[in-house]
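The values are calculated or read from the model by the stated rules, or taken from the named source; none is laboratory data. Since the structure is predicted, the reported quantities are computational estimates derived from the model, not experimental observations. Quick reminder, even Gly has a Cβ in these numbers, built from the backbone with ideal geometry, and neighbours come from all protein chains shown. When the accessible area is computed, the model is the full protein with side chains, heavy atoms only, and any ligands, DNA or RNA have been set aside. Shrake-Rupley method; radii C 1.70, N 1.55, O 1.52, S 1.80 Å.
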Amino acid sequence: MFEFSYVKAKSLTDAQAFVAAHPDAKLLAGGMTLIPTMKQRLAQPSHLVDIGGLPELRGIEVKGGQLVVGAASQHHEVATSPVIRKALPALAGLADLIGDPQVRNRGTIGGSVANNDPAADYPSAVLALDATIVTNKREISAADFFQGMFTTALESGEIIVRFNFNIPKRAAYEKFAHPASGFAMAGAFVAESANGVRIAITGAASSVFRWEAAEKALAKKMSADALEGVPLADDDMNQDIHATREYRANLARVMTKRAVLKLLAA
């Protein structure tokens, strides 16, 4: 690990000003992605600006018909929050599947979404629930936020403050986890609302995406059987030592069917 300086931000404004003045500084919330990257010497920030304890980034509540979750909320908080368990149990269930207890007690929802790892869980919920990402500068729709592998609409110095999730009639998440890391080799979040069905697939491609053909099929018939024969191209799927493109496409199909069955059983 390269040498760096640690700075504990006193406020969101303080963090924003420091990062603007030090272009090589990095924000630190849970550090579950950043710290391992630094240990491998793949990142060399001049400063780590700790924003994990800022009150502006905390809090979980239902407000204006939406579930509002602070960006510094740790996975364990999301998984165990009575507010989330009541309003959006699928999100709590998703958080409970992330990593291991150590990761869940340190990692944050904001850090995970800002990093946009192809195998992360939260992006599927953000996209399927058509959430709004609120930053220190603006509001960004989920459809505009995820732009590719480890790439988002966030600008330099822009900090995620909170997420506004639309509360669906019902929703469910299923994933096939890598046995060592717990990351999703393929995961599917299915949400049904008054506006129809939305399905977001994570882990299978370079970035989270909606499976629109399956959404149309489920709009006609809300049943796992309705997904039979629905096209899902594997051309853009990830391929590595763990799975071929074809295998990941099949996993995405299976996880979507399982999510539908879970949703219907709820």
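Quick notes
- Those lysines that a straight Cα-Cα span of less than 25 Å connects to Lys175, excepting residues fewer than 8 apart in one chain: Lys86, Lys216, Lys220, Lys221, Lys257, Lys262
- Taking the helices alone, the chain has a mean residue ellipticity at 222 nm of -9000 deg cm²/dmol, built from -39,500 (n - 2.57) per DSSP H run of at least 4 residues and averaged over all its residues.
- Low-density loop positions, GluC sites (Glu not before Pro), the range 153-228 - DSSP coil, at most 13 other Cβ in 10 Å: Glu155, Glu228
- Share, in percent, of DSSP beta bridges within the chain that are antiparallel, nearest 5: 85 percent
- Quotient of the Cα radius of gyration of the range 126-179 and 2.2 N^0.38 Å, N being its number of residues: 1.32.
- Asp225 exposes around 110 Å² of accessible area when a 1.4 Å probe is run over every protein chain in place.
- Cα centroid of the range 185-214 to Cα centroid of the range 88-153, whole Å: 13 Å
- If you wrap the range 210-253 in the convex hull of its Cα atoms and look at it from every side, the mean projected area works out to 3.2 nm².
- Val230 accessible area, assembled protein chains, probe 1.4 Å, Å²: 10 Å²
- Summed residue charge, Cβ within 15 Å of Leu227's Cβ, Lys/Arg positive, Asp/Glu negative: +3
- Accessible area (Å², per residue) of the range 59-198, counting only protein heavy atoms and a probe of 1.4 Å: 40 Å²
- Compactness index (Cα Rg / 2.2 N^0.38 Å), the range 55-122: 1.03
- With the simple model of a label 7 Å out from the Cα in the direction of the Cβ, Gln239 to Leu264 spans 3.4 nm.
- Of Gly93, Gly157, Gly229, the residue with the greatest mean-square motion in the GNM of the chain, using alpha carbon springs below 10 Å, is Gly229.
- The value of relative contact order for the chain, using C-alpha pairs under 8 Å at least six residues apart, is 15 percent.
- Debye equation applied to the C-alpha atoms of the range 1-52, log10 I(q)/I(0) at 0.16, 0.32 Å⁻¹: -0.41, -1.29
- Probe 1.4 Å - accessible area at Ile140, Å² to nearest ten: 10 Å²
- Span per principal axis, largest first, for the Cα atoms of the chain (Å): 55, 45, 31
- Nearest 10 degrees, 0 to 90: helix 12-21 Cα axis against the chain principal axis: 70 degrees
- Tail beyond 16 Å, pair distance distribution of the range 3-99 (Cα, percent): 62 percent
- The 3J(HN,Hα) values that the Karplus relation (6.51, -1.76, 1.60; θ = phi - 60°) gives for the range 260-266 are, in residue order, 5, 4, 5, 4, 5, 7, 5 Hz. Gly and Pro appear as x.
- Here Lys169 is the anchor, and the aspartates and glutamates within straight C-alpha reach of less than 20 Å, apart from those fewer than 8 places off in the same chain, are Glu61, Asp130, Glu192, Glu212, Glu215.
- Put simply, the convex hull of the Cα atoms in the range 115-266 casts, on average, a shadow of 9.2 nm².
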